[in-house]
Amino acid sequence: MSAGAAAAQRFPRVTKRLQVVLDGWYRLGGQAEFYGKTLVAVGDAVTRYKAELIRLIAAMSLGTGALVMIGGTTAIVAFLTLSTGALVAVQGYNQFSDVGVEALIGFASAYFNVRLIAPLTAGVAMAATIGAGATAQIGAMRISEEIDALEVMGIRSVAYLASTRVAAGVVVVVPVYCVAVMASFFAARFGTTFFYRQSTGVYDHYFYTFLSTTDLLWSFALALVMAVVIMLVHTYYGYTATGGPAGVGEAVGRAVRTSLITASVVVLFVSLAIYGQTGHFNLAG
Amino acid sequence: MVSTGLVIKPLRGLGGFFAMALDTFVCMFRRPFAWREYLLQTWFVARVSLVPTLFLSIPFTVLTVFTFNVLLVEFGAADFSGTGASLGTVNQTGPIVTVLVVAGAGATAMCADLGARTIRDELDALRVMGINPIQSLVVPRVLAATTVALLLSSLVILVGLAGGFVFSVYFQHVTPGAFVAGMTLITGLSDVVTALIKATLFGLTAGLIACYMGTSVGGGPAGVGNAVNETVVFSFIALFVINVIVTAVGFQVHP
């Protein structure tokens, strides 16, 4: 103790730097500990806090507050994937017609939408809606000391607040991702056949030729993994919010930043693992 | 009663947003311009978005390049992976990552900061002192977001291309010379200009949305959290729509 204090007096700047590094290290450890606890407590959450779980599933799929007015989470996810699907039509059609292979746009929709665009867009949309909403709720509870009150009442706050949200996120992502994939397919088809006047037969032929069930299932797996990661990150930042009303806002911002990065890195590694060097892709059909 | 409230409330919010946007555009050209606040905010937004930019653009581009390369290797045209990388990065990944960073990092931080001031009644205090909060707070923030978005988009594209190069050359064994030679095959100046225009519009819109949500916060800690949440959602929606429209218009202007 005294040696540490003496060192701090002798080298104030070095000590400060070291403290910053150490704080970061401790935060990382604390985060990992929280994630472990949350995942372990998912069983508790499903068996003991069933009512809360069902309430959260309903609230997440429809959204809360002002977001309900514009149709809730499902509508927002659908809207974002509609716009990226339309992007496939616009970008793909123009780029392909340069080379004279605009007939292959159906293939682009089946290939890029499933592997790349729909999972990433759905992840982004989930982080923005369900995730940020969870941080805002839990953060507000932390600031108004409701979490301490829960602990006093003998309710396990991690299981009750965080694990239930992770479980609910996994349940909610299945229908939401279905809507996302359908919306991106629809937008690409509608854009190509209605605005760029390609015949629907040509589009459908190449689309169904290259649409692979295995890829679709893997893309669902990607969405599930992303939902778990996003909900873990967002509940952590809400659970550890400090510093009054401003602190909740900052926690939401920080959570969105972190979860976007983590989700995209996770998607990258999982898809490298799935598609690897062989690529699961057969031009011959 | 309830039903009219449900219909009118979002409309009122939309109207308030456009009113504030109009005020901001008018105040932008009125002296005195808040230079100090503008520089501080530019630095603030750049600081919060720089690290997310680097960390987001690498996985996004590597994913795109990887998906492209699977296709090109199947065709036996792996030498063209530079074409795919620059096409994906400049036209789509670059702008989309800029959207995510500007809306997810810059706008949220800005909204949280403004929302905290609104909660503490600092904006009303400014009004009492005869200072227009739109001129002193909103205009510099919106311009700062626009500036940083424009600068960030070039950084995103550069980092993305570098990431795509490293991944293709060192992991998928594409010839480096062929990669670089293929980069300018389809992608040209008009695509870069379109990407920069997109980024400017993203920054402007995200800044306006963040400032509107931040200045109209109410209801304690939960209110600020919800405002930040709504900022992310609304700016994502607005920016994705802008992206589609500008892409389509860009192809019409420069086919």
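The values are calculated or read from the model by the stated rules, or taken from the named source; none is laboratory data. Small disclaimer: the values here were computed from a predicted structure and weren't measured. Note that we place each Cβ from the backbone using ideal geometry, even for glycine, and neighbour counts take in every protein chain shown. Areas reflect the complete protein model, heavy atoms only, side chains present, ligands, DNA and RNA absent. Shrake-Rupley method; radii C 1.70, N 1.55, O 1.52, S 1.80 Å.
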Taking only segment B:210-222 into account, find how many residues are open to solvent by 10 Å² or more (accessible area, probe 1.4 Å) and either at the interface with another protein chain (Cβ under 7 Å from one of its Cβ atoms) or not aromatic (Phe, Trp, Tyr) (or both).
9
Hey, any hits in segment B:128-148 for a residue that's assigned to a helix (DSSP H, G or I), within 14 Å of chain A (Cβ to nearest Cβ), farther than 30 Å from B:Phe80 by Cα and out of contact with any helix residue (DSSP H, G or I) (no Cβ under 7 Å at 6 or more places or on another chain)?
no
Segment A:71-91, residues that are within 20 Å of B:Val249 (Cβ to Cβ), open to solvent by 10 Å² or more (accessible area, probe 1.4 Å) and more than 7 Å from chain B (Cβ to nearest Cβ)
A:Leu82, A:Val88
Sort through B:Val138, B:Val159, B:Val193 and tell me the only one that's exposed (fewer than 15 other Cβ atoms within 10 Å of the Cβ) and among the β-branched types (Val, Ile, Thr).
B:Val193
Which pairs turn up if I take residues in segment B:19-34 that are touching a residue at least 60 places away in the same chain (Cβ under 8 Å) and look for partners that are among the hydroxyl-bearing types (Ser, Thr, Tyr) with beta carbon separation below 8 Å, at least 6 apart in sequence or on another chain?
B:Met20/B:Tyr212; B:Met20/B:Thr215; B:Ala21/B:Tyr212; B:Ala34/B:Ser136
If you go through B:Phe251, B:Phe236, the only one that is farther than 22 Å from A:Ala140 by Cα, within 9 Å of chain A (Cβ to nearest Cβ), buried (at least 24 other Cβ atoms within 10 Å of the Cβ) and of a type in the set (A, V, I, L, M, F, W, C) is B:Phe236
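Results for (1) more than 24 Å from the chain's Cα centre (by Cα); (2) assigned to a helix (DSSP H, G or I); (3) within 14 Å of chain B (Cβ to nearest Cβ); (4) crowded, with 16+ Cβ neighbours inside 10 Å, shown as yes or no for each residue.
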position: A:Tyr177; (1), (2), (3), (4): no, yes, no, yes
position: A:Gly201; (1), (2), (3), (4): yes, yes, no, no
position: A:Asp204; (1), (2), (3), (4): yes, yes, no, no
position: A:Ala221; (1), (2), (3), (4): no, yes, no, no
position: A:Met231; (1), (2), (3), (4): no, yes, no, yes
position: A:Thr235; (1), (2), (3), (4): no, yes, yes, yes
position: A:Leu260; (1), (2), (3), (4): no, yes, yes, yes
position: A:Val267; (1), (2), (3), (4): no, yes, yes, yes
position: A:Ala273; (1), (2), (3), (4): no, yes, yes, no
Among the residues that make up segment A:247-256, is at least one of them among the β-branched types (Val, Ile, Thr), modelled with pLDDT under 85 and open to solvent by 50 Å² or more (accessible area, probe 1.4 Å)?
no
Among helices (runs of 4 or more DSSP H) lying entirely in segment B:15-117, which contain 1 or more residues that are more than 12 Å from every other protein chain (Cβ to nearest Cβ), open to solvent by 20 Å² or more (accessible area, probe 1.4 Å) and of a type in the set (Asp, Glu)?
B:35-75
Restricting attention to segment A:96-113, and to residues there that are at the interface with chain B (Cβ under 10 Å from one of its Cβ atoms) and under 26 Å from A:Asp215 (Cβ atoms), which single residue is most open to solvent (accessible area, probe 1.4 Å)?
A:Val99
Taking A:Arg165 as the residue in question, decide whether it is open to solvent by 40 Å² or more (accessible area, probe 1.4 Å), over 21 Å from A:Thr214 (Cβ atoms) and either away from every other protein chain (no Cβ under 11 Å) or touching a residue at least 40 places away in the same chain (Cβ under 8 Å) (or both).
no
Just checking, which of A:Leu18, A:Leu87, A:Leu22, A:Leu104 is in contact (Cβ under 8 Å) with a residue 60 or more places away in the chain and not in a loop (DSSP other than H, G, I, E, B)?
A:Leu104
Determine whether segment A:138-159 contains at least one residue that is in a helix (DSSP H, G or I) and closer than 30 Å to B:Glu74 by Cβ.
no
